[in-house]
Amino acid sequence: MRPIATTRSAAGMPTGLLAVWWIVASEIVIFGGLLGAYIMYRLSHDAWAGHAANTNTLIGTTNTLVLLTSSLFAVLAHQAAEKGDGKKAARFLMYTMAGAVAFLCIKGYEWNYEISHGMTITTNTFWSFYYTAAGIHGAHVIAGAIIMGIVAKDAAKGLELQRVELIGIYWHFVDIVWIFLFPLLYIAK
(Lines give C-alpha, C1' and ligand atoms only; values in the text may rest on other atoms or scores of the structure.)
Protein backbone atom coordinates (compact mmCIF):
# COMPACT_ATOMS: atom_id res chain seq x y z
CA MET A 1 0.00 0.00 0.00
CA ARG A 2 1.30 3.45 -0.96
CA PRO A 3 1.59 6.14 1.74
CA ILE A 4 -1.34 8.54 1.70
CA ALA A 5 0.92 11.55 1.02
CA THR A 6 1.62 10.23 -2.48
CA THR A 7 -2.05 9.69 -3.31
CA ARG A 8 -3.47 12.97 -2.04
CA SER A 9 -3.77 15.93 -4.33
CA ALA A 10 -4.57 19.58 -4.05
CA ALA A 11 -5.18 22.09 -6.81
CA GLY A 12 -5.16 19.18 -9.26
CA MET A 13 -1.60 18.04 -8.50
CA PRO A 14 0.00 15.64 -6.02
CA THR A 15 0.70 17.30 -2.68
CA GLY A 16 4.42 16.51 -2.92
CA LEU A 17 4.68 18.35 -6.22
CA LEU A 18 2.66 21.26 -4.87
CA ALA A 19 4.95 21.41 -1.82
CA VAL A 20 8.10 21.51 -3.95
CA TRP A 21 6.72 24.35 -6.07
CA TRP A 22 5.73 26.18 -2.90
CA ILE A 23 9.30 25.83 -1.60
CA VAL A 24 10.74 27.00 -4.92
CA ALA A 25 8.42 30.03 -4.92
CA SER A 26 9.47 30.99 -1.39
CA GLU A 27 13.14 30.56 -2.31
CA ILE A 28 12.66 32.80 -5.33
CA VAL A 29 11.52 35.52 -2.94
CA ILE A 30 14.66 35.05 -0.79
CA PHE A 31 17.13 34.98 -3.68
CA GLY A 32 15.20 37.61 -5.62
CA GLY A 33 15.50 40.06 -2.73
CA LEU A 34 19.18 39.31 -2.26
CA LEU A 35 19.99 39.62 -5.96
CA GLY A 36 17.82 42.71 -6.35
CA ALA A 37 19.66 44.40 -3.48
CA TYR A 38 22.98 43.33 -4.99
CA ILE A 39 22.11 44.80 -8.40
CA MET A 40 20.82 48.08 -6.94
CA TYR A 41 23.91 48.48 -4.77
CA ARG A 42 26.24 47.52 -7.61
CA LEU A 43 24.72 50.09 -9.96
CA SER A 44 25.29 52.87 -7.46
CA HIS A 45 28.84 51.92 -6.38
CA ASP A 46 31.50 52.02 -9.09
CA ALA A 47 34.14 50.63 -6.71
CA TRP A 48 32.44 47.22 -6.87
CA ALA A 49 33.88 46.59 -10.32
CA GLY A 50 37.36 46.69 -8.82
CA HIS A 51 36.41 44.31 -6.03
CA ALA A 52 34.64 41.95 -8.44
CA ALA A 53 37.80 41.83 -10.55
CA ASN A 54 39.29 39.69 -7.76
CA THR A 55 36.83 36.84 -8.31
CA ASN A 56 38.20 33.92 -10.30
CA THR A 57 36.16 33.56 -13.50
CA LEU A 58 37.76 30.19 -14.36
CA ILE A 59 36.66 28.72 -11.03
CA GLY A 60 33.18 30.20 -11.43
CA THR A 61 32.94 28.78 -14.95
CA THR A 62 34.12 25.37 -13.78
CA ASN A 63 31.50 25.33 -11.04
CA THR A 64 28.86 26.35 -13.57
CA LEU A 65 29.77 23.37 -15.77
CA VAL A 66 29.76 21.07 -12.73
CA LEU A 67 26.24 22.17 -11.78
CA LEU A 68 24.91 21.97 -15.33
CA THR A 69 26.31 18.45 -15.66
CA SER A 70 24.73 17.50 -12.34
CA SER A 71 21.40 18.80 -13.67
CA LEU A 72 21.77 16.51 -16.68
CA PHE A 73 22.17 13.58 -14.30
CA ALA A 74 19.04 14.71 -12.40
CA VAL A 75 17.11 14.66 -15.69
CA LEU A 76 18.42 11.18 -16.48
CA ALA A 77 17.43 10.04 -12.97
CA HIS A 78 13.91 11.35 -13.56
CA GLN A 79 13.69 9.54 -16.91
CA ALA A 80 14.82 6.29 -15.28
CA ALA A 81 12.30 6.73 -12.45
CA GLU A 82 9.48 7.32 -14.95
CA LYS A 83 10.38 4.00 -16.57
CA GLY A 84 10.30 2.31 -13.16
CA ASP A 85 14.05 1.68 -13.05
CA GLY A 86 14.79 2.68 -9.48
CA LYS A 87 18.35 1.35 -9.46
CA LYS A 88 19.28 3.41 -12.51
CA ALA A 89 17.52 6.46 -11.06
CA ALA A 90 19.47 6.02 -7.82
CA ARG A 91 22.74 5.74 -9.74
CA PHE A 92 22.06 8.99 -11.61
CA LEU A 93 21.09 10.69 -8.35
CA MET A 94 24.44 9.58 -6.92
CA TYR A 95 26.16 11.19 -9.91
CA THR A 96 24.16 14.35 -9.22
CA MET A 97 25.30 14.22 -5.59
CA ALA A 98 28.90 13.82 -6.78
CA GLY A 99 28.41 17.05 -8.73
CA ALA A 100 27.19 18.74 -5.54
CA VAL A 101 30.25 17.54 -3.65
CA ALA A 102 32.56 18.67 -6.47
CA PHE A 103 30.89 22.09 -6.50
CA LEU A 104 31.36 22.47 -2.75
CA CYS A 105 35.00 21.33 -2.87
CA ILE A 106 35.76 23.82 -5.64
CA LYS A 107 33.93 26.56 -3.73
CA GLY A 108 35.90 25.65 -0.58
CA TYR A 109 39.18 25.90 -2.47
CA GLU A 110 38.12 29.24 -3.93
CA TRP A 111 37.04 30.67 -0.58
CA ASN A 112 40.25 29.48 1.07
CA TYR A 113 42.26 31.33 -1.59
CA GLU A 114 40.17 34.49 -1.33
CA ILE A 115 40.20 34.59 2.47
CA SER A 116 43.95 33.91 2.62
CA HIS A 117 44.43 36.91 0.33
CA GLY A 118 42.42 39.24 2.58
CA MET A 119 39.07 39.10 0.78
CA THR A 120 36.74 38.25 3.66
CA ILE A 121 33.09 38.90 4.40
CA THR A 122 34.13 42.02 6.35
CA THR A 123 36.52 43.45 3.73
CA ASN A 124 33.82 45.57 2.05
CA THR A 125 30.19 45.44 0.97
CA PHE A 126 30.94 43.61 -2.29
CA TRP A 127 32.58 40.73 -0.44
CA SER A 128 29.74 40.73 2.11
CA PHE A 129 27.23 40.23 -0.71
CA TYR A 130 29.51 37.72 -2.43
CA TYR A 131 29.93 35.47 0.59
CA THR A 132 26.30 35.84 1.65
CA ALA A 133 24.87 34.98 -1.78
CA ALA A 134 27.34 32.17 -2.47
CA GLY A 135 26.97 30.87 1.10
CA ILE A 136 23.18 30.72 0.97
CA HIS A 137 23.47 29.00 -2.41
CA GLY A 138 26.00 26.56 -0.97
CA ALA A 139 23.62 25.74 1.89
CA HIS A 140 20.98 24.88 -0.72
CA VAL A 141 23.49 22.65 -2.53
CA ILE A 142 24.16 20.81 0.74
CA ALA A 143 20.43 20.45 1.50
CA GLY A 144 19.76 19.18 -2.02
CA ALA A 145 22.55 16.62 -1.81
CA ILE A 146 21.29 15.31 1.55
CA ILE A 147 17.71 15.00 0.33
CA MET A 148 18.98 13.39 -2.89
CA GLY A 149 20.77 10.76 -0.83
CA ILE A 150 17.55 9.90 0.99
CA VAL A 151 15.60 9.75 -2.27
CA ALA A 152 18.33 7.64 -3.94
CA LYS A 153 18.27 5.14 -1.08
CA ASP A 154 14.53 4.59 -1.55
CA ALA A 155 14.75 4.67 -5.34
CA ALA A 156 17.38 1.91 -5.32
CA LYS A 157 14.74 -0.27 -3.63
CA GLY A 158 12.13 0.78 -6.17
CA LEU A 159 10.27 2.84 -3.57
CA GLU A 160 8.81 6.33 -3.84
CA LEU A 161 10.07 6.89 -7.39
CA GLN A 162 7.89 10.00 -7.73
CA ARG A 163 10.30 11.70 -5.31
CA VAL A 164 13.03 11.60 -7.97
CA GLU A 165 11.11 14.21 -9.93
CA LEU A 166 10.58 16.32 -6.82
CA ILE A 167 14.26 16.49 -5.87
CA GLY A 168 15.03 17.11 -9.55
CA ILE A 169 12.82 20.21 -9.56
CA TYR A 170 14.56 21.49 -6.46
CA TRP A 171 17.99 20.75 -7.95
CA HIS A 172 17.18 22.61 -11.16
CA PHE A 173 16.14 25.59 -9.06
CA VAL A 174 19.52 25.49 -7.28
CA ASP A 175 21.22 25.46 -10.68
CA ILE A 176 19.13 28.34 -11.99
CA VAL A 177 20.07 30.43 -8.96
CA TRP A 178 23.73 29.79 -9.79
CA ILE A 179 23.10 30.83 -13.39
CA PHE A 180 22.05 34.23 -11.99
CA LEU A 181 24.87 34.41 -9.43
CA PHE A 182 27.64 33.46 -11.83
CA PRO A 183 27.44 36.49 -14.15
CA LEU A 184 26.75 38.91 -11.29
CA LEU A 185 29.66 37.74 -9.16
CA TYR A 186 32.20 36.63 -11.77
CA ILE A 187 31.56 38.21 -15.16
CA ALA A 188 30.14 41.70 -14.53
CA LYS A 189 33.43 43.34 -13.63
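Quick notes on this structure:
- Cβ-Cβ contacts under 8 Å between residues 6 or more apart (or on different chains), taken from a first residue in the range 165-189 that is acidic (Asp, Glu) to a second residue that is in a helix (DSSP H, G or I), are listed as Glu165/Leu17; Glu165/His78; Glu165/Ala81; Glu165/Glu82; Asp175/Leu67; Asp175/Leu68; Asp175/Ser70; Asp175/Ser71.
- Only one entry in Gly144, Gly138, Gly158 is surrounded by 17 or more Cβ atoms within 10 Å (Cβ to Cβ), among the small types (Gly, Ala, Ser) and more than 30 Å from His45 (Cα to Cα), namely Gly144.
- Candidate set from the range 44-75 (those that are of a type in the set (Gly, Ala, Ser) and touching a Lys or Arg at 6+ places or on another chain (Cβ under 6 Å)); member that is modelled with the lowest pLDDT: Ala49
- Residue count for the range 79-122 under the criterion of being among the polar types (S, T, N, Q) and in contact (Cβ under 8 Å) with a residue 12 or more places away in the chain: the result is 1.
- The listed residues are Met40, Met94, and the only one of them that is touching a Phe, Trp or Tyr at 6+ places or on another chain (Cβ under 9 Å) and either at positive phi or not aromatic (Phe, Trp, Tyr) (or both) turns out to be Met94.
- Within the range 39-58, residues that are over 16 Å from Phe180 (Cα atoms) reach partners that are of a type in the set (D, E, K, R) and surrounded by fewer than 14 Cβ atoms within 10 Å (Cβ to Cβ) with beta carbons closer than 8 Å, at six or more positions or on different chains, in the pairs Ala49/Lys189; Ala53/Lys189.
- Selection status of Ala152, among the hydrophobic types (A, V, I, L, M, F, W, C), exposed (fewer than 14 other Cβ atoms within 10 Å of the Cβ) and either out of contact with any Asp or Glu (no Cβ under 7 Å at 6 or more places or on another chain) or in contact (Cβ under 8 Å) with a residue 40 or more places away in the chain (or both): no
- Residue count for the range 149-185, restricted to those that are under 20 Å from Val29 (Cα atoms) and touching a Gly at 6+ places or on another chain (Cβ under 8 Å): 7.
The values are calculated or read from the model by the stated rules, or taken from the named source; none is laboratory data. Being a predicted model, the structure only gives us computed values, none of them experimental. Reconstructed Cβ throughout: ideal geometry from the backbone, glycine too, with neighbour counts over all protein chains shown.
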